[in-house]
Each structure stands twice: as C-alpha cells, then as structure tokens.
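S.K.: Sharing a structure, written as structure tokens. Questions coming.
Just so it is clear, none of the values below were taken in a lab; they were calculated from the coordinates. Note that the structure is predicted; figures quoted are calculated from it, not measured. Note: ideal-geometry Cβ built from the backbone for every residue, glycine included; neighbour counts use all protein chains shown.
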Amino acid sequence: MADENGDFQLYKYTPNRAAGIAFAVLFALATVVLIYLVSAAAFKSKKVAGTWMHFNSDNEKQSIRFYMIGKLYGAYIPLIVGCVIEIIGYIGRSISSKHQQELGPYVLQSVLLLIAPTLYAASIYMLFGRLAHLLFAESLMIMPARFETLIFVLGDVASLLMQAAGGGLMASADSATSGSNLVTAGLFVQIAFFGLFIINEFLFLLRIQKANSSIPPRCPRWKNLNLTLLITSFLILIRSIVRAVEFIEGYDGHIASHEYFLYIFDTTPMFILPLMFIATMFWNNIFIIQEDSVTAQLNSMTQVTVQDDNGGHYGNYDSYDNDSQSQYDVSMVYAKDTIK
C-alpha cells in the first residue's frame, strides 16, 4: 500500500466526504427512530404485563414462561450500539477524506465499520434464542438450547476481537499484512457461525411445523419476526463474504482499490438491516411474541401435580404440549422472571 515514491498510503483512493457525512446522518436518524420504537414497544408491553399480573393468580403468574421486559429490551441493545458505531465510523471516514495520511481517523473508520455488524449479529442471536424459548421450541435447535445463544454470541465476540485487532494492525506498514490476515480470519469465523446459525433457523422452521405443540400455532406472528431475522442474517453473511474476499485480494485488489464496493456491499446492507427492524417494529417484535405466548399459555394451561418419592408435592408444572416430549416449567424457576 505504497505510492510511486515508496511512501505508505492508508487509502488507494480519496474517500468520498459527502457519502461519509450522508451515511453518518442516516445512521443517526435510524438510531434515534429505533431507540424510540423499541422503547415504545417495551413500555406498551409492560402495561399489558401489568394488566395480566393483576387479573391472574399467583400460581398462574409463577407458572407462565416469560422474560422480564428489561431482558427483552436488552436483546436490541447490541443492534442500537452497532448503529452508533456505524455513525462514528462514517464520521471518521468523512474526516479521512480531508486528512488521508492521518492515522487516527483511518483507524477509527476502519475498525468501527468492521466490527459494527458483529453487534448486529449479537442482537439477531439473542432475539432468536428468546423467540425459541417463548415458543417452547428449544428442543428443535441443532445444539443444546441452554448453550445455543451463548455459543453464537461467543463466536461473534471472537470474530469482533479478531477484526478489531486486525484493523488496528493494518494502520502500520510493518504490520499491515498481519492485520489483514487477522481480519480475514475474523471474517471467516463470522461467516462460519452465521452459516451455522442460518442452517439452524431453517431447520427450526421445518421442525416446528411438525411439532405437536399448542403454543406456536397460537402465536402466528413469530413467523414474521423469524423471517426478519433470516433476511438480516443473509445481509450480514453477504457483507462478510465480500469483505473476506477484499482482504484475501489484498490492498492492491480490485475491491480495496474502489470505494463503491464498500458502499454497495457493506454500507447499504448494514443500513437496510436496522431499517428492517424499524419498518416491522409495530407488528413484529419480541415484546409482541411474548404477549402472544403468555396468552396462549394461559388459554391452554393444564395443571399437572408432581410428587416426590415420599408422595409429597414439591411443585406445580404446566403442560403446553401434547406429545411425550412435552416441556414443563417449575414454578420456582420462572418466579424470578416476574415482570416488574
């Protein structure tokens, strides 16, 4: 990455200042709207939960499977933080257009634009995990349900750290190659985990259609949320593949030498992603899925008494499935998840 005089160059082109500013503003607007819509959905769901808590007995409240509102809101936090990181990244890119040899703005935009999608991915993993839990469908996943979200998030964090470290190393001529290799490895980790996650989602869709459960059919809106998660997953996957090819080609490659590849295969899909959540938030969010799930559980509740070896009762369970694989929840376990 040197010019004809042998001097180290951070860019193979002059970054477009107007594009950097425009997308910084667009991501900022999207972030504000997203925060508002998620907060509004959480507030509305909390009011619904308050009504449900008021009109149902303590045993029913303790036996129902649900999350605290804060935990549902938390699934959207990485997405929001990712949008903020995109804003800062494009601000750094607009600054770089006037100061192409300054290291600070280059590292800022390089690292932040690389890692923002990994935060998007974390929200997708968390939302899917909560969705499956509320549908009583964790057994339909390809790995143990209790580790499902953790495994994908850990893979996401590993990818994030590798890309962040590699992005920093690329700022120096001496370590540029090592940095590029590290970023490439991080992108392949992301691609591998996302590929596995997409397979998991497709298998989940196929298996849940055949599952003998009373909850999913009574929560039809989960399909809309799952479709959103699938589409956004493909957006990140395509972006990561193009980015990986960019770093495999190297600094003199066609992708790295032309800025429009960044805006077509990175900026655009990563901007469409939060827009999809914004556009569908009114009728397609995890809060609505929980409301549907709680309603379905209350409508299909069948009390089952469980005895210990001495004939004593040690807990009430509620059955929601009709086959031998029916899932039961101990009251004491979910009592701690009381919505506040």
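S.K.: Projecting each Cα onto the charge dipole of the range 188-273 (Lys/Arg +1, Asp/Glu -1 at the beta carbon, about the Cα centre), which of Tyr260, Phe197, Leu237 comes out farthest on the positive side?
M.R.: In the range 188-273, that residue is Phe197.
S.K.: Another question, if that's okay. Spelling out what I want: for every residue of the range 216-222, take phi, set θ = phi - 60°, compute 6.51 cos²θ - 1.76 cosθ + 1.60 (Karplus), and round to whole Hz; glycine and proline get x.
M.R.: x, x, 8, 10, x, 6, 4
S.K.: Ala28 to Ser178: FRET efficiency via 1/(1 + (r/R0)^6), r the Cβ-Cβ distance, R0 45 Å, to the nearest 0.05?
M.R.: My answer for the efficiency is 0.85.
S.K.: Would you order Tyr125, Tyr251 from fewest to most other beta-carbon atoms within 10 Å of each residue's own beta-carbon?
M.R.: Neighbour counts put them in this order, fewest first: Tyr251, Tyr125.
S.K.: In which sequence would His133, His254 go, from the one with the fewest C-beta neighbours within 10 Å to the one with the most?
M.R.: His254, His133
S.K.: Please turn the phi angles of the range 91-98 into ³J(HN,Hα) values with the Karplus equation 6.51 cos²θ - 1.76 cosθ + 1.60 (θ = phi - 60°), one per residue in order, whole Hz, x for glycine and proline.
M.R.: Listing the rounded values in order: 5, x, 5, 5, 5, 4, 4, 9 Hz.
S.K.: Given points 7 Å out from each Cα along the Cα-Cβ axis, report the His99 to Tyr260 separation in nanometres with one decimal.
M.R.: 3.0
S.K.: Separate question: What ³J(HN,Hα) values, in whole Hz, does the Karplus curve 6.51 cos²θ - 1.76 cosθ + 1.60 give for the range 199-213 when θ = phi - 60°, with x put for Gly and Pro?
M.R.: Per residue, the Karplus-derived 3J(HN,Hα) values read 4, 4, 5, 5, 5, 4, 4, 5, 6, 5, 5, 9, 5, 8, 10 Hz.
S.K.: Would you give the gap between the C-alpha center of the range 128-181 and the C-alpha center of the range 209-258, rounded to a whole Å?
M.R.: 14
S.K.: Also, quick follow-up: Can you give me the long-range amide H partners of Ser213? Hydrogens built in the peptide plane at 1.01 Å from N, cutoff under 5 Å, separation of 5 or more residues or another chain.
M.R.: When sequence neighbours closer than 5 places are left aside, there are no close amide H contacts.
S.K.: Taking the Cβ-Cβ separation of Arg17 and Thr295 as r and a Förster radius of 45 Å, what is the calculated FRET efficiency to the nearest 0.05?
M.R.: 0.30
S.K.: Now for a separate question. Using the number of other C-beta atoms within 10 angstrom as an exposure proxy, rank Trp283, Trp222 with the fewest first.
M.R.: If I rank by nearby Cβ atoms, fewest first, I get Trp283, Trp222.
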